[in-house]
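This report concerns only the one structure given below.
The values are calculated or read from the model by the stated rules, or taken from the named source; none is laboratory data. These numbers were taken from a predicted model, which means no experiment stands behind them. Please note: Cβ atoms are built from the backbone with ideal geometry, for glycine as well, and neighbour counts cover all protein chains shown.
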């Protein structure tokens, strides 16, 4: 049974959260702690005579039940290979539940801190684990989850933003022209890369989705898992100028290729994928603007300055996509 997608998160009051968790046969002690999440709503829930759990309530209408099931199956396959991923609890043979019009899953709480991606040893460690994730991801494809491509992350967001009238009228023609140039640059990068393998990915592998402990990294939040090229899970580990990213990627690659071969042609996609992520993020903010959490957290989105900065950012990306790709060192 699917949740009622018409209900807003405003109806997710503390009593409903506790009732949902207790509907699974768990006894809550009443303690609730909101965790950082905008796309979904995530709460740490105290449990009587047990460690706290994390309840994740999915944004209504974003993913279908079948798409969420594919995400859960992917994490289960990784856990079966003894990868450090946080998987939803299986209760009564299920991982996805519905209560009060909301779909949710329950996870064990995982502690940890953000990793230091500037450390060569950490980058190599991350490379090894990302390769092992990709080994699992390459075994079978997603069938119903989305693919990261120019249409879904570039053309679609551009068209939605223009139709929504969220861009200030005096800046819309400039943004439209720059966005079109940027998409041309993305297409050129994909043409230079040629046909590369698509596999199941984490999809959003930034520092906030990796928790580091004494045992190493633990991967959380596969909500953005989708099909795409392997480099999507690697380029967000890098920062700085081209030389610095080349040195960092050399460490990542040293770890990665101890478990899985990397296709060097995908290096042509780094700046293209960064460009698509920037365009997709603007559309994501606009599409969620009716959610009260978004104007409160991103008040600058509705300003001319935000769009002026995005125009400059896309122009910089147009230039970057014309440069040679980073060279692992």
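Quick rundown of the values:
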| quantity | calculated |
| --- | --- |
| Residue match in region 86-105 (condition: closer than 19 Å to residue 35 by Cβ, buried (at least 18 other Cβ atoms within 10 Å of the Cβ) and out of contact with any helix residue (DSSP H, G or I) (no Cβ under 8 Å at 6 or more places or on another chain)) | no |
| Subset of region 44-61 [closer than 17 Å to residue 101 by Cα and in contact with a helix residue (DSSP H, G or I) (Cβ under 9 Å, 6 or more places away or on another chain)] | 55, 57, 58, 59, 60 |
| Selected residue [modelled with pLDDT of 95 or more and farther than 27 Å from residue 185 by Cα] from 254, 297, 272 | 254 |
| Filter pass, residue 20 being at pLDDT below 95, crowded, with 18+ Cβ neighbours inside 10 Å and in contact with a strand residue (DSSP E or B) (Cβ under 8 Å, 6 or more places away or on another chain) | no |
| Filter result for residue 139 (assigned by TED's automatic domain parsing to the domain that holds residue 212, assigned to a loop (DSSP other than H, G, I, E, B), under 19 Å from residue 261 (Cβ atoms) and at pLDDT 95 or above) | yes |
| Test: residue in region 146-156 that is surrounded by fewer than 15 Cβ atoms within 10 Å (Cβ to Cβ), at pLDDT 95 or above and in contact with a helix residue (DSSP H, G or I) (Cβ under 6 Å, 6 or more places away or on another chain) | no |
| In region 62-87, the residues that are over 17 Å from the mean Cα position of the chain (by Cα), free of Cβ contacts under 8 Å to residues at least 40 places away in the same chain and not in a helix (DSSP H, G or I) | 82 |
| Any hit, region 177-194, residues being surrounded by 18 or more Cβ atoms within 10 Å (Cβ to Cβ), part of a loop (DSSP other than H, G, I, E, B), at pLDDT 95 or above and not assigned by TED's automatic domain parsing to the domain that holds residue 67 | no |
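Yes or no, residue by residue, for (1) over 30 Å from residue 307 (Cβ atoms); (2) assigned by TED's automatic domain parsing to the domain that holds residue 206; (3) out of contact with any strand residue (DSSP E or B) (no Cβ under 9 Å at 6 or more places or on another chain):
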position: 104; (1), (2), (3): yes, no, no
position: 124; (1), (2), (3): yes, yes, yes
position: 144; (1), (2), (3): yes, yes, yes
position: 158; (1), (2), (3): no, yes, yes
position: 168; (1), (2), (3): no, yes, yes
